[in-house]
Amino acid sequence: MSRKTFLILPILFSLACNLASTPMMESPSVESLPAETQPASITVEAPISTPMAAPANLSDYAIFSINVQDFSYPDQSAAVLNRIITLHETYNVPVDIYLTDVMAQIYAEQFPQLLERLKTSPVVAISYHYRAPRPYANNYDWLGLGNMSADELYQIVLRYETRAVDPVSGQTTDAAGGYQYVASLIGYPPYAASSLASDARVDDAVMRVFKELGAQMTVVHGRALNLGDVKKGLNVRPEHYDYMLFQNDGADPAGSFENALNEARNAQGANAPYFVGVKMHDNDFFSTQSAWLTVYVDGGKRPNWNPSLQSPLLTQAEQDAMWAMYEQTVIYAASQRERIGIVNLPTVLEMIR
């Protein structure tokens, strides 16, 4: 991404922020897996855009992340993402957008213009995340992965990250899917991919597959993560405070953001520079909970599932409050960039190098 995207005129926090909204067969045994089930050739090169230049001599940083996952309401999800991209482009605020393969396929087939924006926006960097019914989601082993050998685990995970998943049975199909599919759609391997596996051996297999498919970073939760930390060969996204913005609607955006910075600086084990991870999900803007929770947790943790289940929608007032919090947080962060570096993962990788 060009350096010019970091140039922004001083922004008054009182600026109005009414931005217009634009209008997943039985799982094969390891013995039956095809011998050719190996990572397809993906060129691990820099994406089309180059990273934004990292601000120098700063001790505080913020990373905005959007986790996209709501297949129940594709129209609302697409509208939310379009509005978020417009907001971040308006204020030159970089953002990491984490796609599941299911959402990437929905966008590719139903909202191709949105997919093009995701690929070409100067402020957007794409990463990958997975959800149930993949059996290596945390505490979700309905397939018996814990009883498999290391090689069996690797082959199963590899198939799940190169093939689509049937949303009812949770089994892989012959269609393209997983991390590799998202990479093929956006034109580069998504920067980050993380393991949600609670079993250490399963975690090893998941991390190995993501690294082989081209991921450069991973995400870890539950402790302070410093710039330069590494997990199983992948750089870890730095984060000293997990600022779950969706839990703070109604709070003063500036005061809440400054509190997050203080929490990051005071985190146990934290070393400068300090990073605040500002987190939202697409469904936070329109529904009471995500589609995957509704279908694959509330609907039970074993197949078969009913992917037509839907969570209730937020009221218009609740949606407006969530948007106000998010928009004003982005605007405030942009107004503070002389003292706070706002970066996404391509820039973080440059900082590590």
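With the structure loaded, tell me whether residue 277 is surrounded by fewer than 17 Cβ atoms within 10 Å (Cβ to Cβ) and under 29 Å from residue 223 (Cβ atoms) or whether it fails that test.
So residue 277 does not fit the description; no.
Scan segment 198-224 for residues that are closer than 14 Å to residue 138 by Cβ and assigned to a loop (DSSP other than H, G, I, E, B) and jot them down.
Once the filter is applied, which keeps residues that are closer than 14 Å to residue 138 by Cβ and assigned to a loop (DSSP other than H, G, I, E, B), segment 198-224 yields 198, 199, 219, 220, 221, 222.
Would you mind listing the strands (runs of 3 or more DSSP E) fully within segment 81-177 where at least 2 residues are surrounded by fewer than 24 Cβ atoms within 10 Å (Cβ to Cβ) and acidic (Asp, Glu)?
none
Could we say that residue 285 is among the aromatic types (Phe, Trp, Tyr) and out of contact with any strand residue (DSSP E or B) (no Cβ under 8 Å at 6 or more places or on another chain) here?
Taking the combined requirement at face value, the residue satisfies it.
Return a yes/no flag: does segment 231-246 have any residue that is surrounded by 21 or more Cβ atoms within 10 Å (Cβ to Cβ), aromatic (Phe, Trp, Tyr) and outside any helix (DSSP H, G or I).
Yes, that holds for at least one residue.
Could you please let me know if residue 306 is part of a helix (DSSP H, G or I), surrounded by fewer than 17 Cβ atoms within 10 Å (Cβ to Cβ) and over 20 Å from the mean Cα position of the chain (by Cα)?
Here the answer is no, as residue 306 does not meet what is asked.
Just to be sure I understand, how many residues within segment 116-136 are of a type in the set (Phe, Trp, Tyr) and in contact with a helix residue (DSSP H, G or I) (Cβ under 6 Å, 6 or more places away or on another chain)?
The qualifying residues number 2.
Every number here is computed from the coordinates shown, using simple stated rules; none is lab data. These figures come from a predicted structure and were not determined experimentally. Cβ sites come from the backbone with ideal geometry, for glycine too, and all protein chains shown count toward neighbours.
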